[in-house]
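This report refers to the structure that appears directly beneath it.
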Amino acid sequence: MAVQMGDSGFKYGLMTRLLHWAMVALLVWQFAGMGVKLIVGKAPITAFWVGTHKSIGVALLILLILRAGWGLYNLKVRPAHGGGFWGRAALAGHLVLYALMLIVPASALLRQYGSGKPMDLFGLPFIAGSGVETAWMTAPANAFHGLAAWVLLAAIAGHVLMVLVHRFIWKDDTAARMMG
Ligand code: HEM
Ligand code: HEM
C-alpha cells in the first residue's frame, strides 16, 4: 500500500505523524534534562544534558513552525474534531498545546538575543551577540519561560490522559489515526 503523505478525513498522513512524534521525542529530552537538573543538581550528566537545551529548544521552534504550516495547509482534509462539547474541548486543548509550544521557545530565544550574549546552535555560531542587554527582550522569558514550560508539561499530561480515555474507555479509533 502506498504511504499516505498528506492528511485525510480519517487519519493523519506520514508528514503529520513524523512531525508529531519527532516533537514528542525532543520534548521528552527537553523535560528529562530539566528533571535531571532538578533531581541530580550540578553534575557532568546535568552539564551535558542541559548543555543541549538551547539548541534542542530552537529545533523544536523550527519544527513547530513547519508543523503549524503543514497543519494549516491540510486543515480542510484533517480528521475533524467534531461538534459537541468533547470536540470543542479537543480543539481548545490542541490550540493550547500549540500556543505553549510557540511561547515557550520563542520567548527564550528572544531573551537569548536580547541578552547580548552569543549563542551556538549545535556547535555552530548562531547569534553573534551585540554585547548590550535589551531589557524588553529579556523580561518576558525571565517572567514566564520556566513557568510556561511546566504548564506545557501539565497540558501534555492531560493530552496523553485523553488519548488513553479514547483508547480504553470510549474505545474509538482516535488514537489509531496518530499512531499509524
Ligand atoms: C519547547 C522548547 C523548550 C522547553 C520545553 C523548555 C523548557 C524549560 C524548562 C522546563 C526549564 C526549567 C524551568 C525551571 O527551572 O523551573 C527551562 C529553563 C531554561 N530554558 Fe528552556 N525550554 C525550551 C526552549 C528553550 C530555548 C529555545 C532556550 C534558549 C535559546 C531556552 C533557555 C532556557 C534557559 C536559559 C533556562 C534557565 C532559566 C529559566 O528558567 O528561564 N529554553 N526551559
Ligand atoms: C510531547 C507531547 C505531545 C504533544 C505536544 C502533542 C501534541 C498534539 C497536538 C497539537 C495534536 C493535534 C494534531 C496536530 O496538530 O498535530 C495531537 C494529536 C494527537 N496526539 Fe499528541 N502530543 C504529544 C504526545 C502524545 C502522546 C505521548 C500520544 C500517545 C499516547 C499522543 C497521541 C495523539 C493522538 C492519538 C492524536 C490525535 C488526536 C485527534 O485526532 O484528535 N500525543 N498531539
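Points worth noting:
- Taking each residue of segment 71-93 that is farther than 16 Å from Gly158 by Cα and looking for partners that are outside any helix (DSSP H, G or I) and not hydroxyl-bearing (Ser, Thr, Tyr) with beta-carbon atoms closer than 6 Å, six or more apart or interchain, yields Asn74/Gly6; Asn74/Asp7; Val77/Asp7; Arg78/Asp7.
- Per-region count, segment 134-169, residues in contact with a Lys or Arg (Cβ under 7 Å, 6 or more places away or on another chain) and among the β-branched types (Val, Ile, Thr): 1
- Boolean, Leu14 is surrounded by 15 or more Cβ atoms within 10 Å (Cβ to Cβ) and within 15 Å of ligand 2 (Cβ to nearest atom): no
Here is a yes/no grid of residues against (1) open to solvent by less than 50 Å² (accessible area, probe 1.4 Å); (2) farther than 27 Å from Ile103 by Cβ; (3) assigned to a helix (DSSP H, G or I); (4) in contact (Cβ under 8 Å) with a residue 60 or more places away in the chain:
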site	(1), (2), (3), (4)
Pro125	no, no, no, no
Met137	yes, no, yes, no
Ala143	no, no, yes, no
Leu153	no, no, yes, yes
Ala157	no, no, yes, no
Val163	yes, no, yes, no
Phe168	no, yes, yes, no
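- Hits in segment 31-63 (condition: in contact (Cβ under 8 Å) with a residue 60 or more places away in the chain, surrounded by fewer than 17 Cβ atoms within 10 Å (Cβ to Cβ) and within 16 Å of ligand 2 (Cβ to nearest atom)): Phe31
The values are calculated or read from the model by the stated rules, or taken from the named source; none is laboratory data. Please read all numbers here as calculations on a predicted model, not as lab measurements. Please note: Cβ atoms are built from the backbone with ideal geometry, for glycine as well, and neighbour counts cover all protein chains shown. Just so you know, the surface numbers come from the protein's heavy atoms only, side chains and all, with ligands and any DNA or RNA stripped out. Shrake-Rupley method; radii C 1.70, N 1.55, O 1.52, S 1.80 Å.
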